[in-house]
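Working notes for the structure below.
The values are calculated or read from the model by the stated rules, or taken from the named source; none is laboratory data. All figures in this text were calculated on a predicted structure; none of them were measured in a lab. Here the Cβ is made from the backbone with ideal geometry for all residues, glycine too, and neighbour counts use every protein chain on show.
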Amino acid sequence: MATMRDIKRRRDSIQSTEQITKAMKLVATVKLQKSRTKAESAKPYFDLMYDTMSSIISRSGQIRHRYLQAGGSPKKAVIAITSNRGLAGGYNNNIVKLVNGSLPAEDTVVYAIGRKGRDGLALRGFSIGGDYSEVINDPLYQDAAELTEVLLEAFTRGEIGEIYLAFTSFKNTVVHIPTLLKLLPVELPEREGKADGAEPKARAIMDYEPDDETVLDAIVPKYMSSLIYGALLESLASENGARMTAMDSATSNAEEMIEDLSLQYNRARQGAITQELTEIVAGANAIGG
């Protein structure tokens, strides 16, 4: 049975931990407000970029371009966006499980943004093609553009045949959805009306000026950079939301443990007082007898 000293020592330790989790929750809350504002303000632009690109491809007819066809290599590249720190619930592990369950480790090269994802995927047999972990600390569009350039060069040289993006989509403070998106080759989206059996809408064929190759060479890199940057912003907001939720839960658990330990301490203290009184009374009776 734990002594009063043991209970008090454990209670003090948990109180110290509670102060830390409270402080971390406050920090995560402030960071969440900033990152959420950025993600939500930028999301319409990136959604429109994706829709526009889908519309262009769907109206292009049977054109042939290197960004619309799988490369010669069976290798796949995936940009895995996680965080550099833990204590964020299942945020990092969800991306690791998503990539590990969707892509073959032996044929996939990981371009890691975040040390947690890099280490987790490396342990599962994935090769690391690049480490850009510092990018997630303060994402910039230029970071996404530079990563896009590296990947497109590898795709053009035939070193990789497909490019994927694994990130956490931010819905609200408590809902974050691990998402795997195929960036290249750009695929033709489902035609309107196909799902419900209706006739697809007629579309005018896209007209390129000066030619389709020149236009797609200019548009596709911007399309990729935009989606990667949008994923960075959403992932950062999701990370802070997950960490705030995790620290809030940890603080609540600490409060419950402190309450239970305080009750145990009071009971032990009352028992010790009762024992002392009993001994005093017994001693007095023995002397008086």
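Per the conditions (1) in a loop (DSSP other than H, G, I, E, B); (2) in contact with a strand residue (DSSP E or B) (Cβ under 7 Å, 6 or more places away or on another chain), the sole criterion not satisfied by residue 74 is (2). Whenever a residue of the range 141-169 is at positive phi, its partners that are not in a helix (DSSP H, G or I), lying with C-beta atoms within less than 6 angstrom and at least six residues away or across chains, give the pairs 158/71; 158/72; 158/73.
Residue-wise test of (1) touching a Gly at 6+ places or on another chain (Cβ under 9 Å); (2) under 17 Å from residue 151 (Cβ atoms); (3) modelled with pLDDT under 95; (4) buried (at least 23 other Cβ atoms within 10 Å of the Cβ).
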{"site": "75", "(1), (2), (3), (4)": "yes, yes, yes, no"}
{"site": "87", "(1), (2), (3), (4)": "no, no, yes, no"}
{"site": "92", "(1), (2), (3), (4)": "yes, no, no, yes"}
{"site": "100", "(1), (2), (3), (4)": "yes, no, no, no"}
{"site": "110", "(1), (2), (3), (4)": "yes, yes, no, yes"}
{"site": "120", "(1), (2), (3), (4)": "no, no, no, no"}
{"site": "138", "(1), (2), (3), (4)": "no, no, yes, no"}
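Before we move on, is residue 95 within 19 Å of residue 155 (Cβ to Cβ) and not basic (Lys, Arg)? Judged against the criteria, residue 95 is not a match.
Restricting attention to the range 172-211, and to residues there that are surrounded by 15 or more Cβ atoms within 10 Å (Cβ to Cβ) and of a type in the set (Val, Ile, Thr), which single residue is modelled with the highest pLDDT? Among residues in the range 172-211 that are surrounded by 15 or more Cβ atoms within 10 Å (Cβ to Cβ) and of a type in the set (Val, Ile, Thr), the one modelled with the highest pLDDT is 179. Scanning the range 1-55 for residues that are of a type in the set (A, V, I, L, M) and either within 23 Å of residue 88 (Cβ to Cβ) or touching a strand residue (DSSP E or B) at 6+ places or on another chain (Cβ under 9 Å) (or both) yields 14, 20, 23, 24, 26, 27, 28, 30, 32, 39, 42. Taken over the range 73-127, the residue count meeting the criterion of being of a type in the set (S, T, N, Q) and within 14 Å of the chain's Cα centre (by Cα) is 6.
Within the range 18-46, residues that are closer than 17 Å to residue 140 by Cα sit with their Cβ atoms under 7 Å from residues that are among the charged types (D, E, K, R) and part of a helix (DSSP H, G or I), at 6+ positions apart or across chains, in these pairs: 39/234. Confirm whether residue 111 is under 17 Å from residue 164 (Cβ atoms), in contact with a Leu (Cβ under 8 Å, 6 or more places away or on another chain) and touching a residue at least 40 places away in the same chain (Cβ under 8 Å). In short, yes.
Among the conditions (1) surrounded by fewer than 21 Cβ atoms within 10 Å (Cβ to Cβ); (2) of a type outside the set (A, V, I, L, M, F, W, C); (3) closer than 16 Å to residue 229 by Cα, residue 156 misses just one, which is (3). Here residue 165 meets each of (1) surrounded by 20 or more Cβ atoms within 10 Å (Cβ to Cβ); (2) of a type outside the set (D, E, K, R); (3) modelled with pLDDT of 95 or more; (4) more than 27 Å from residue 63 (Cα to Cα) with one exception, condition (4).
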